[in-house]
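For reference, the structure is listed below as structure tokens.
The values are calculated or read from the model by the stated rules, or taken from the named source; none is laboratory data. Computed from a predicted structure; not experimentally measured. Please note: Cβ atoms are built from the backbone with ideal geometry, for glycine as well, and neighbour counts cover all protein chains shown.
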Amino acid sequence: MLKRHEPSPVCEKKDIYAFGYNGFGQFMISQSRKTLPPIHLLQTKLNKLQVTWSSITWMKDKSIHIRGLFGENPSSHKSFIVDVNSEKMKCSCYHHDTLFVLTSKKKLYFFNNITSHENNDKLTPGRVEENVLDFVVNESINQLSVVYESWGVKHFKIGEDSLQLEKHFSCAIKVKQLSCGNSHNLLLSADGHVFSWGMGSRGQLGHGDLISQETPKLIEILDMIRVTSVACGGWHNLALSDTQDIYTWGWNCSGQTGLPAPSGVFSTSVNNKKEGGESCGIIPSPTLLQLETYCLHREDDNFISITSIACGAKHSAAATSDGCLFTWGWAEHGQLAHECCLSGSCDVSLSHLPAIVPWFGKEKLKVVEVKCGWWSTLASSEEEFDSVNTKTKHKTAAE
Amino acid sequence: MEASSNKTRLENLGNLEKMLTWSDCHQLVPPQKELLAFVDRITCNKNVTRGLIVLLQQACTSISCMEYEQTFNVGNELMNFTWEMLNCGHWKDVDCCWLQIYSLASLFKAISLMKMTDGRSKIEEICRVCDMGVLMGAPIFDDILNQLLKIIQQNLPQIPNVVEEKMAGDCPPTHDAGDGEVRKSVNYLTCPSMQTFKYSCMDAVEPAVIRGCVDHWPAFKKWNLQYMNEMAGHRTVPVEVGSKYTDDDWGQKLMTINQFIRECVLPAPHGGKPLKQGYLAQHQLFDQIPELRSDIDIPDYCCITTAEEDGFDVDENVDINAWFGPKGTVSPCHHDPKHNLLVQVVGRKLIRLYPSSCSPSLYPREDLINNTSQVDVENPDHQQFPLFHQADQLHCKQLILQPGEMLYIPPKYWHYIRSLDTSFSVSFWW
């Protein structure tokens, strides 16, 4: 069993492991369309890496690397040097023909037509948006969402040759984080409140009903707690409180909220009864997720504390303070890496209840932070403190 | 987009002289050039993300090169991604290109499975893949999925017999509601002329039971549980589970017709009610299973339109739905925007009708399903819905619809339906 540790500071470079969908060769160049068991991807800080459905983008020194689908070519690996006015790069993401780079000076640089450039070219930006706090790219719907300091939010449609402003509204919220799903969005304010807007028919807005909202509406049920981070999946969400608890809501067709899912039923059931093993298709209000229920062999009776959360299309992941990684939801493309998925003994199309990913424990790795791609999961980790055996050298997939 | 009308498909099926065998099934698939051109056409200017187009092109190429494992894997990813897109936004707003892509992905997956599993071991899975494409997608390449299903049907294993329960004595037709109230009846007409029907029913906005018009249907000789099981037992259909669509526990579950009959229609093995509550309701079964379509016939009255319309094509413009379920299924009181002829084939249904002038007394819901009443018609809450009682006494018309009869329900006319036996009805909306 893993020993308890103080969580490591997440601002150091760590080993990043990845598992899940590899249909575009974004994790490893191979015929395999699924990356299982997890592979060592690269060494970096997890927030320097962005993962979409078909590609990954990461920053190293002054370069930006893209792996996976690039233009019309899968299994590509390109790197570029970008001119961001010597500002420090915070995060970057590639989609279709554009590279988006956000700097610490709150500027969002757009590098267009990069698919017409040669590898290692130096790129000059086109458009620059100022006062940007955060941005999200949703590959499925070709959308770019941007949140501006003391102004509001803009949703753009990333077209063939252009960026079209689709929706925008002002909101006076001091924003800490923006997260976007396939048809809904979340804003986390600096003082720990959560706002949602978009489609509501799967309960994903968290207001206890199925009504859609045009502009951000405060999720009142979460008002009593202080939320430190949020994660939007396709149609579901997780929120992490400052007491390290997880709240979950939204669509549960594949068990992505962590609560039992109805099998084979496309349900609009909004029953929230969980006793007696009743399952729900939709969780319309944020509900505390007790992962202790799914932990069979804990040594002590303490509650599980969560340090990091993430959501993909129909799956979720959470890292605990003692270095375990929980995943749950849809397993079909290897994004959960449960024991049964690795041994091929489960029906991957069925919803999976939360379980610890045993691979990390076996490799004597402590998971520090987690991130999800659309159909994949990534974890940053470090070696266990008291690991005395020689570790197997992991073949580094990148770099 | 490939145009495909019901008529063409029926003609095709009737005229098929050379039936392809299982091992030749891939010959149904258009050549690579045509596949790629199709992908190009349906995704052009449609905001489809590039990665999906790349996968589509990969699958078109690999199926043409007979690389079936690759086609299966990519086809599966395509189905999963497209399914996600079908769930973005409201169903009615979904671009039809996603329906076509879903069908194409189902085709890739089905053909690959058929070619990879020569021993027919996965036949039920293949049948289900095709059905998903038919149910969720849009017809492509001359309704290719239905053509595939014809080949599959010939190879399906014998389905376990269903034992039909005997009806416990025939109940005489009665208008007694059983709740002590005496209610008005509807008009009964026998084979009215088109003119009489239009004048007395449609123009007058009056419901009526029509007799003698559907006696010629083969359905009356053939339809029972065993027949349904034999004709379509392997086919996947969407079944409504939970008590009624206004309840919190309502949902739709995909299951085969055999499973539906065994779990939701027949009594449980130990006797009593069926194992699960389910109703195959409002489903275009006759589009999905063309063999059943030839057991019924669109009533002539469906040609009558109250608007001036030239060239009204009955096949194109009449929605035919199947309603198949056990005793006790309930359709809560609601109204529909179109004319409705409800034909009763098997079993009896208790029906209560209210004119649209009663709407305030029926307390329509204020949410998205605002064509539905909040009142439980057979067990009304008089405190919550005080206006209902008087409207019920003054205006309610009640009948028990018998096999061989059809009920005309005018547009916007409120109707409540409960089945008194295992029941099969066919509705025509125009």
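If only residues of the range B:68-91 that are among the hydroxyl-bearing types (Ser, Thr, Tyr) and either within 8 Å of chain A (Cβ to nearest Cβ) or over 26 Å from the mean Cα position of the chain (by Cα) (or both) are counted, the one that is nearest to A:Gly23 (Cα to Cα) is B:Thr71.
Quick test for you: out of A:Gly255, A:Gly208, pick the one residue that is modelled with pLDDT under 95, under 18 Å from A:Leu288 (Cα atoms) and within 14 Å of another protein chain (Cβ to nearest Cβ). Answer to the selection: A:Gly208.
Quick grid of which residues meet (1) within 30 Å of B:Cys88 (Cβ to Cβ); (2) part of a strand (DSSP E or B); (3) under 17 Å from the mean Cα position of the chain (by Cα):
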position	(1), (2), (3)
A:Phe303	no, no, no
A:Ala313	yes, no, yes
A:Ser349	yes, no, no
A:Leu353	yes, yes, no
A:Phe360	no, no, no
A:Lys366	no, yes, no
A:Ala379	yes, yes, yes
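Considering only the range B:196-294, give the strands (runs of 3 or more DSSP E) lying wholly within it that have at least 1 residues that are closer than 22 Å to B:Trp430 by Cβ and of a type in the set (Gly, Ala, Ser). In the range B:196-294, B:208-211, B:278-283 are the strands (runs of 3 or more DSSP E) which contain 1 or more residues that are closer than 22 Å to B:Trp430 by Cβ and of a type in the set (Gly, Ala, Ser).
Taking (1) modelled with pLDDT under 90; (2) more than 27 Å from the chain's Cα centre (by Cα) in turn, B:Val54 satisfies each apart from (1). Among the polar types (S, T, N, Q), more than 14 Å from every other protein chain (Cβ to nearest Cβ) and in contact with a Phe, Trp or Tyr (Cβ under 7 Å, 6 or more places away or on another chain) - does that describe any residue in the range A:215-237? For the range A:215-237, residues among the polar types (S, T, N, Q), more than 14 Å from every other protein chain (Cβ to nearest Cβ) and in contact with a Phe, Trp or Tyr (Cβ under 7 Å, 6 or more places away or on another chain): present.
For the subset of the range A:121-142 comprising residues that are away from every other protein chain (no Cβ under 14 Å) and assigned to a loop (DSSP other than H, G, I, E, B), which member is surrounded by the most Cβ atoms within 10 Å (Cβ to Cβ)? The qualifying residue surrounded by the most Cβ atoms within 10 Å (Cβ to Cβ) is A:Pro125. Selection of the range A:70-114 for residues being more than 17 Å from A:Leu144 (Cβ to Cβ) and within 14 Å of chain B (Cβ to nearest Cβ) yields A:Phe70, A:Gly71, A:Glu72, A:Asn73, A:Pro74, A:Ser75, A:Ser76.
Anything in the range B:323-369 that is of a type in the set (Phe, Trp, Tyr) and either part of a loop (DSSP other than H, G, I, E, B) or surrounded by fewer than 18 Cβ atoms within 10 Å (Cβ to Cβ) (or both)? List them, or say none. Scanning the range B:323-369 gives a single hit, B:Tyr363. Annotation: of all residues in the range A:143-152 being more than 14 Å from chain B (Cβ to nearest Cβ) and either surrounded by 14 or more Cβ atoms within 10 Å (Cβ to Cβ) or basic (Lys, Arg) (or both), the one that is farthest from A:Cys180 (Cα to Cα) is A:Trp151. Looking across the range A:48-68, the residues that are touching a Gly at 6+ places or on another chain (Cβ under 8 Å) and under 21 Å from A:Ser145 (Cα atoms) come down to A:Val51, A:Thr52, A:Trp53, A:Ser54, A:Ser55, A:Ile56.
I'd like to check something: does the range A:2-22 contain any residue that is assigned to a loop (DSSP other than H, G, I, E, B), modelled with pLDDT of 95 or more and either within 13 Å of chain B (Cβ to nearest Cβ) or in contact with a Pro (Cβ under 8 Å, 6 or more places away or on another chain) (or both)? Within the range A:2-22, one or more residues are assigned to a loop (DSSP other than H, G, I, E, B), modelled with pLDDT of 95 or more and either within 13 Å of chain B (Cβ to nearest Cβ) or in contact with a Pro (Cβ under 8 Å, 6 or more places away or on another chain) (or both).
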